[in-house]
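Enquirer: Supplied in structure tokens, the structure appears directly below.
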Amino acid sequence: MLVVGLGRFGSSTARTLLRLGREVMAIERSPELVQEFSGTLTHVVEADATNMSALKQVGAGDFSTAVVGIGSSVEASVLTTANLIDLGVEQIWAKAISAAHGKILKRIGAEHVLYPETEAGDRVAHLVSSRMLDYIEFDGGHFAVVKMRAPKEIHGLTLGESGIRGKYGVTVVGIKTPGKDFTYAAPESRVSSQDVLIVAGNVQQLGAFAAQP
């Protein structure tokens, strides 16, 4: 997982990704922040992400997912996002500091735009590191309800046949089929590759289930 920018938002996201068992490479232009996080994150590189040559040199194009946490400069944020898109990074989650900034990021191709006023770094980490589309924690962070795409292993099976609860310890409580409203899940509910699930359970167990391809 690639994280660009180690300010409050980027560093929070990177730390939570580590706790979730993901390897993180961070790019940061500030030598002080690079030194601060060099002993914490998997790999920290001092580089200017607005420079395409620098991104190529550190292998940024090898990542399928990136979080752009730059917020101090709209220009730097937009240039970095554009560079990552040009390098072929498939999923980009970019931080925006205003609606106008977010509109620009969307226009140049950022798949997800994040607003730090409403998005906490740890929540974003859960979303970017799995099949989750939305994530809400309860009970001091031990229990959560997530909205997620159905993993391949249960495509074509009923919930009863899939054995999700026994294997992962989580419970599917709702299913959304394209063109239809959400319905309560039942053992006979059959899951398709296009379905979106509402799943509840322990945070760690949900993470393991949502990490399935």
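The values are calculated or read from the model by the stated rules, or taken from the named source; none is laboratory data. If you're wondering where the values come from, they're calculated on a predicted model, not measured in any experiment. In this analysis, Cβ positions are derived from the backbone assuming ideal geometry, glycine residues included, and neighbour counts consider all displayed protein chains.
Enquirer: Here is a list of conditions, (1) closer than 30 Å to Gln212 by Cβ; (2) surrounded by fewer than 17 Cβ atoms within 10 Å (Cβ to Cβ), and Leu20 meets all of them except one; can you say which number that is?
Expert: (2)
Residue-wise test of (1) under 16 Å from the mean Cα position of the chain (by Cα); (2) not in a loop (DSSP other than H, G, I, E, B).
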| position | (1), (2) |
| --- | --- |
| Val3 | yes, yes |
| Phe9 | yes, yes |
| Arg15 | yes, yes |
| Gly21 | yes, no |
| Ile27 | no, yes |
| Glu32 | no, yes |
| Glu36 | no, yes |
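Enquirer: What's the number of the only condition in (1) modelled with pLDDT of 95 or more; (2) surrounded by fewer than 18 Cβ atoms within 10 Å (Cβ to Cβ); (3) closer than 22 Å to Arg15 by Cα that Ser64 fails to meet?
Expert: (1)
Enquirer: Residues in segment 39-88 that are more than 15 Å from Val113 (Cα to Cα), part of a loop (DSSP other than H, G, I, E, B) and touching a residue at least 40 places away in the same chain (Cβ under 8 Å): how many?
Expert: 3
Enquirer: Run down Glu117, Glu137, Glu188, Glu161 and say which single residue is at pLDDT below 90 and outside any strand (DSSP E or B).
Expert: Going through Glu117, Glu137, Glu188, Glu161 in turn, just one is at pLDDT below 90 and outside any strand (DSSP E or B): Glu117.
Enquirer: If you don't mind, another one. Hey, can you tell me all the residues within segment 168-185 that are assigned to a loop (DSSP other than H, G, I, E, B), within 24 Å of Phe138 (Cβ to Cβ) and at pLDDT 90 or above?
Expert: Selection gives Gly169, Val170, Ala185.
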